[in-house]
Amino acid sequence: HTAGDELVRDAHTAIPLMNPDGVFINETFESPLGPIEYPGDPNSSAENTINCRCHVFWRIVPVL
C-alpha cells in the first residue's frame, strides 16, 4: 500500500496493479523500477527504495 498522497511515485502506484493477488512470503513484487521484496528492500534499486513510504500487510489464506 502506498501513502496515498500526491508525493507517491507513479511507479509505486503501479505495484498493486501489477501484483493484484499479492505475493507469497519471500517472493518479490513486480514494479516498473524492477523487483522489490518489501519497502526499503536493500536488494532493490535505489529508485525503488529511497524515501519510500509504502507498507505491506500480511494476509493469511487457508489452504484447502
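Quick notes on this structure:
- Every residue from the range 34-57 that is without any contact (Cβ under 8 Å) to a residue 24 or more places away in the chain and not small (Gly, Ala, Ser): PRO35, ILE36, GLU37, TYR38, PRO39, ASP41, PRO42, ASN43, THR49, ILE50, ASN51
- Of all residues in the range 35-46, those satisfying the criterion of being touching an Asp or Glu at 6+ places or on another chain (Cβ under 8 Å) and not charged (D, E, K, R) are ASN43, SER44.
- Selection of the range 1-32 for residues being open to solvent by 70 Å² or more (accessible area, probe 1.4 Å) and touching an Asp or Glu at 6+ places or on another chain (Cβ under 6 Å) yields only MET18.
The values are calculated or read from the model by the stated rules, or taken from the named source; none is laboratory data. As the structure is a computational prediction, the values presented were derived from the model and not from experiment. Methodologically, a virtual Cβ is constructed for each residue, glycine included, from the backbone with ideal geometry; neighbour enumeration extends over all protein chains shown. All accessible areas refer to the heavy atoms of the entire protein, side chains included, with ligands and DNA or RNA removed. Shrake-Rupley method; radii C 1.70, N 1.55, O 1.52, S 1.80 Å.
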